[in-house]
Amino acid sequence: MSKNGTTDMTPRERVLTALRHEQPDRVPVDFLATPEIWQRLLEKVKPDVTAVGHSDYFDPAWEAILRHFEVDCRVLSYDQFFNPPESLLHEGAKIEWWEAYSRSTPNRMWRQHLPSDDYYDLWSHHIRIVENQSGNYEEFATWPLSSATSIAELEQHPWPEPDWWDFSPLPGIIEQLDAHEEYHVRFRIGSVFEIAWQLRGMQEFLMDLPLNPEFPQYIMNRLTDIYVENTRRVLDLVGDRLDMVYFYDDVATQNSLMISKKMWRDYVRPCHVRIINVAKEYGVPVMYHCDGALYPLLAEIVDMGVDLLNPVQADAKGMDPQLLKSEFGERLSFHGGIDIIKTLPRGTVDDVKNEVAERIRVLGKDGGYILASSHHIQSDTPLENVFAMYDLENRLYK
């Protein structure tokens with residue numbers, strides 16, 4: 001039973017009910033935030049970490065925060081389980097699991113840290129840490145494939161192999177979470193278009209699409225090969241308990257798509273279809289993340305088999321929640337919707353509560369909605385707005 005005494009529905013049941021487009025006891029919620037927000041919450045809440053127990057794969061203190069807010073969803077991610085050969089490491093590098101500023105969940109995240117304070121991730125992106133007024137973020141310093149002039153040169157990149165992942169801890173992690181409550185568990189497997197341009201460099205990649213399409217095709221197909229095999233291995237291992245497969249790919253800006261529909265259909269869509277089809281073979285639903293003005297592609301994305309869309313960036317062109325719910329709500333569920341640009345960092349507590357109520361009224365009608373922020377809650381967000389967003393009373397259908 002919930003600590004507010006209102007229900008016997010487990011978090012997993014609550015999410016699965018909503019995703020069946022039925023109305024659960026209250027709106028299910030998810031939580032994603034920058035490390036600065038997690039740390040400030042720990043200092044404020046002082047949750048009971050001992051009740052979570054030790055884990056080498058997720059931070060028990062951050063997990064305790066999720067339990068404090070009665071968050072219904074849990075995410076496990078491919079980069080928790082990376083185990084590459086030593087040949088991938090740069091001279092003097094040390095493996096760092098917990099200091100990645102890209103972390104938004106309790107999960108650890110693989111990085112190699114050099115004495116120069118440069119970092120490399122599992123795709124060999126070159127990363128440096130940049131400070132802002134309220135925290136830090138990771139910035140790409142160089143583009144490892146920017147100077148390649150042939151497919152042969154692209155082939156020389158240290159592409160990870162599926163055997164470089166060890167997913168064997170997954171059953172134990174899920175068992176540890178289930179010992180407290182059954183949560184809705186999804187597995188994050190990576191992105192295609194996004195990581196591809198981050199390796200090549202955005203300018204080079206976007207120029208390649210019309211001029212040298214074999215270059216982006218090679219990179220995206222190479223990534224997809226890895227994702228497909230990793231997804232299959234994960235589902236073979238825990239498919240009977242895994243509730244959703246999750247991949248992400250930002251292909252839109254605030255006002256339009258980043259590339260033409262034709263380019264998306266020719267080059268990106270086939271990769272996404274391959275990933276989705278693996279999940280569907282195992283009967284597992286699919287969640288897709290794309291920021292921005294995705295509306296022009298939504299009908300095709302639904303037809304591809306996406307079940308849950310994140311993040312519903314309501315201020316982006318064509319992404320009005322009422323429009324999305326009216327046009328796609330019978331076939332598609334929604335995740336996110338609470339604005340991280342204005343409402344959460346700059347709004348009042350009442351502004352946050354009103355936006356939560358409005359999203360539940362529109363997107364949560366007859367189920368089909370998981371309440372969450374429209375991206376990671378950013379480091380300049382007042383904690384009182386976080387507490388307002390996750391107030392149990394605000395999650396009830398009115």
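Considering only protein heavy atoms, what per residue accessible area in square angstrom results for the stretch 1-123 with a 1.4 angstrom probe?
I get 43 Å² per residue for the stretch 1-123.
Kirkwood hydrodynamic radius of the stretch 71-190 from all distinct Cα pairs, in Å?
Its Kirkwood hydrodynamic radius stands at 16.4 Å.
Enter the Cα centre distance for the pair the stretch 157-235 and the stretch 350-389, rounded to the nearest angstrom.
Centre-to-centre (Cα) distance: 29 Å.
Where only protein heavy atoms count, and the probe is 1.4 Å, what is the accessible area per residue for the stretch 259-398 in Å²?
39 Å²
Enumerate the calculated ³J(HN,Hα) couplings along the stretch 75-92 in order (Karplus 6.51 cos²θ - 1.76 cosθ + 1.60, θ = phi - 60°), each rounded to whole Hz, writing x wherever the residue is Gly or Pro.
After applying 6.51 cos²θ - 1.76 cosθ + 1.60, I find 10, 10, 9, 4, 7, 6, 10, 6, 9, x, x, 4, 5, 6, 7, 6, 4, x Hz.
Under the 0.36 nm per residue contour assumption, what length would be gained going from the current alpha-carbon distance of Asn83 and Ser147 to full extension?
Working: separation 64, 0.36 × 64 = 23.04 nm, distance 2.79 nm.
Computed gain between Asn83 and Ser147 is 20.3 nm.
Working from the alpha-carbon coordinates of the chain, get Rg over Rh, Rh being the Kirkwood radius.
Numbers: Rg = 20.5 Å, Rh = 21.7 Å.
Rg divided by Rh gives 0.94.
Quick one: pull the percent of accessible area on the stretch 247-311 belonging to carbon and sulfur, 1.4 Å probe, ligands and nucleic acids left out.
Of the solvent-accessible surface of the stretch 247-311, carbon and sulfur hold 52 percent.
Just the Cα atoms of the stretch 189-329, one point each, no solvent: what log10 I(q)/I(0) does Debye give at q = 0.10, 0.11, 0.12, 0.21 Å⁻¹?
Calculated log10 I(q)/I(0) at the listed q: -0.34, -0.41, -0.49, -1.31.
Measure off, as a whole percent, the carbon and sulfur share of the 1.4 Å-probe accessible area of the stretch 145-191, all protein chains present. Spell out each step's value before the answer.
Working: 910 of 2010 Å².
Carbon and sulfur atoms account for 45 percent of the accessible area of the stretch 145-191.
Roughly what % of DSSP beta bridges within the chain run antiparallel, to the nearest 5?
Antiparallel: roughly 40 percent of the beta bridges in the chain.
Rolling a 1.4 angstrom probe over the protein heavy atoms, how many square angstrom per residue are accessible across the stretch 164-245?
Result: 36 Å² of accessible area for each residue.
Can you tell me what share of the DSSP beta bridges in the stretch 107-245 is antiparallel? A percent to the nearest 5 is fine.
For the stretch 107-245, the DSSP antiparallel bridge percentage is about 85.
The values are calculated or read from the model by the stated rules, or taken from the named source; none is laboratory data. Predicted, not measured: the structure shown is a model, and the values here were computed from it. Surface accessibility is based on the protein's heavy atoms, side chains included, excluding ligands, DNA and RNA. Shrake-Rupley method; radii C 1.70, N 1.55, O 1.52, S 1.80 Å.
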